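Student: The structure under discussion is supplied below as structure tokens; questions concerning it will follow.
The values are calculated or read from the model by the stated rules, or taken from the named source; none is laboratory data. Values in this document were obtained by computation on a predicted structure and should not be read as measured data. Neighbour counts are summed over all protein chains in view; Cβ atoms, including those assigned to glycine, are modelled from backbone coordinates with ideal geometry. All accessible areas refer to the heavy atoms of the entire protein, side chains included, with ligands and DNA or RNA removed. Shrake-Rupley method; radii C 1.70, N 1.55, O 1.52, S 1.80 Å.
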Amino acid sequence: EAGVTQSPTHLIKTRGQQVTLRCSPISGHTSVYWYQQALGLGLQFLLWYDEGEERNRGNFPPRFSGRQFPNYSSELNVNALELEDSALYLCASTPGLGTRGEAQYFGPGTRLTVL
Amino acid sequence: AQRVTQPEKLLSVFKGAPVELKCNYSYSGSPELFWYVQYSRQRLQLLLRHISRESIKGFTADLNKGETSFHLKKPFAQEEDSAMYYCALSAHGGSQGNLIFGKGTKLSVKP
């Protein structure tokens, strides 16, 4: 069974540009989570989608947004890139709402560098 | 506020020595707690979760609600245990399904 996949692997952008990151969850999983892993800040929650709807978002500005498609894949969009957006962006998936103690399965991440 | 604290950035032990990676949490409800591990050049993966009370690769962790702790232990460390370890809390219930992570502890097991 394929795990969570993310694309691209690496990305280099300049300040002010926009970027789109993509994630495909494990087959059968309907929930997708996005996390930012910036140097020195650890893993911080960005967004959670389930069944096409945004369920929760972390403490990030509105220029971080995303969506989930009918096939449960997801995109993370970041507008007006800033230097501090440089980080590893991780996507995770779970079977969906409701199961107590459910583990999240992570993708390999997309490394974004903003120059 | 919901928070996970891992007080040690780096823990270095010799092979065969006991290991304890500390994790304390702050959460008013009934938490779900996890340990995730990231080996070099690999993705973040689940090591264990408190709800299943399992032992994986010789590691165990007990939830202590009185001390709000979920320390990870292994009686005899192996070199292949060297990795980054993250404690995580799921604020399950309501609208929050995301994980809250500690900043991680890098475990280095020396030969």
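Student: Which condition breaks for A:VAL32 when tested against (1) under 22 Å from B:LEU33 (Cα atoms); (2) more than 10 Å from every other protein chain (Cβ to nearest Cβ); (3) touching a residue at least 40 places away in the same chain (Cβ under 8 Å); (4) open to solvent by 20 Å² or more (accessible area, probe 1.4 Å)?
Tutor: Only one criterion in (1) under 22 Å from B:LEU33 (Cα atoms); (2) more than 10 Å from every other protein chain (Cβ to nearest Cβ); (3) touching a residue at least 40 places away in the same chain (Cβ under 8 Å); (4) open to solvent by 20 Å² or more (accessible area, probe 1.4 Å) is unmet by A:VAL32, namely (4).
Student: While we're here: Quick test of your reading of the structure: B:SER30 fulfils all but one of (1) within 18 Å of B:LEU99 (Cβ to Cβ); (2) out of contact with any Cys (no Cβ under 8 Å at 6 or more places or on another chain); (3) part of a strand (DSSP E or B). Name the failing condition by number.
Tutor: (3)
Student: Now a separate question. Taking the stated definitions as given, is B:GLN45 closer than 26 Å to A:LEU88 by Cα and touching a residue at least 60 places away in the same chain (Cβ under 8 Å)?
Tutor: So B:GLN45 does not fit the description; no.
Here is a yes/no grid of residues against (1) away from chain B (no Cβ under 13 Å); (2) assigned to a strand (DSSP E or B); (3) under 24 Å from B:TYR86 (Cα atoms):
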residue: A:ARG67; (1), (2), (3): yes, yes, no
residue: A:ASN71; (1), (2), (3): yes, no, no
residue: A:LEU76; (1), (2), (3): yes, yes, yes
residue: A:GLU84; (1), (2), (3): yes, no, yes
residue: A:CYS91; (1), (2), (3): no, yes, yes
residue: A:GLY96; (1), (2), (3): no, no, yes
residue: A:LEU112; (1), (2), (3): yes, yes, yes
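Student: Also, I was wondering about something else. Considering only segment B:12-27, I want to know if a residue exists there that is more than 13 Å from the chain's Cα centre (by Cα) and within 14 Å of chain A (Cβ to nearest Cβ).
Tutor: Going through segment B:12-27, the residues more than 13 Å from the chain's Cα centre (by Cα) turn out to be B:12-18, B:26-27.
Retained after the next criterion (residues that are within 14 Å of chain A (Cβ to nearest Cβ)): none.
The answer is no; no qualifying residue exists.
Student: Of the conditions (1) closer than 25 Å to B:TYR85 by Cβ; (2) of a type outside the set (Gly, Ala, Ser); (3) within 13 Å of another protein chain (Cβ to nearest Cβ), A:GLU51 clears all except one; give me its number.
Tutor: Exception for A:GLU51: condition (1).
Student: Residues that are polar (S, T, N, Q), buried (at least 17 other Cβ atoms within 10 Å of the Cβ) and at pLDDT 95 or above: does segment A:16-27 have at least one?
Tutor: Yes, some residue in segment A:16-27 is polar (S, T, N, Q), buried (at least 17 other Cβ atoms within 10 Å of the Cβ) and at pLDDT 95 or above.
Student: Something else now. Looking at A:ASN77, A:ASN59, which is the one that is out of contact with any helix residue (DSSP H, G or I) (no Cβ under 7 Å at 6 or more places or on another chain), surrounded by fewer than 20 Cβ atoms within 10 Å (Cβ to Cβ) and more than 20 Å from A:THR5 (Cβ to Cβ)?
Tutor: Values: A:ASN77 fails: more than 20 Å from A:THR5 (Cβ to Cβ).
Just one listed residue meets the conditions, A:ASN59.
Student: Could you check segment B:49-77 and list, in sequence order, the residues that are under 13 Å from the mean Cα position of the chain (by Cα), under 21 Å from B:ALA17 (Cα atoms) and open to solvent by less than 30 Å² (accessible area, probe 1.4 Å)?
Tutor: Scanning segment B:49-77 gives B:PHE59, B:ALA61, B:PHE70, B:LEU72, B:LYS74.
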